[in-house]
Amino acid sequence: CRPSAGHALIPALDQTRTVGLVTLPGAYVGVLLGGAGPIQAGMTQVLVLIGLLAAEAVSILVTVQLVAAGKLSRAA
């Protein structure tokens, strides 16, 4: 299950890598429309992306630990 855990982060990492190139992120545009400067909007967007990656990484770690402890089992 550990190799699968690494693969589970790939979509989040791809989204983080392409943000700003493909789409304008909602937090960035929202802060800009709220009257802040582009640097502050960029810092806000980076904070949001780091928070999302951290939450996804923690949830994967918790799931791997629960599976290793035998508290979660595969659906038959």
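Worth a mention:
- Enumeration of residues in segment 49-76 that are touching a Leu at 6+ places or on another chain (Cβ under 9 Å), open to solvent by 60 Å² or more (accessible area, probe 1.4 Å) and at pLDDT 85 or above: E56, T63, L66
- Pair list, Cβ under 8 Å, 6 or more apart: segment 1-13 residue within 14 Å of L52 (Cβ to Cβ) and open to solvent by 80 Å² or more (accessible area, probe 1.4 Å), other residue hydrophobic (A, V, I, L, M, F, W, C) and not in a loop (DSSP other than H, G, I, E, B): L13/L53
The values are calculated or read from the model by the stated rules, or taken from the named source; none is laboratory data. All values derive from a computational prediction rather than experimental measurement. Quick reminder, even Gly has a Cβ in these numbers, built from the backbone with ideal geometry, and neighbours come from all protein chains shown. Calculation scope for accessible area: heavy atoms of the full protein, side chains included, ligands and nucleic acids excluded. Shrake-Rupley method; radii C 1.70, N 1.55, O 1.52, S 1.80 Å.
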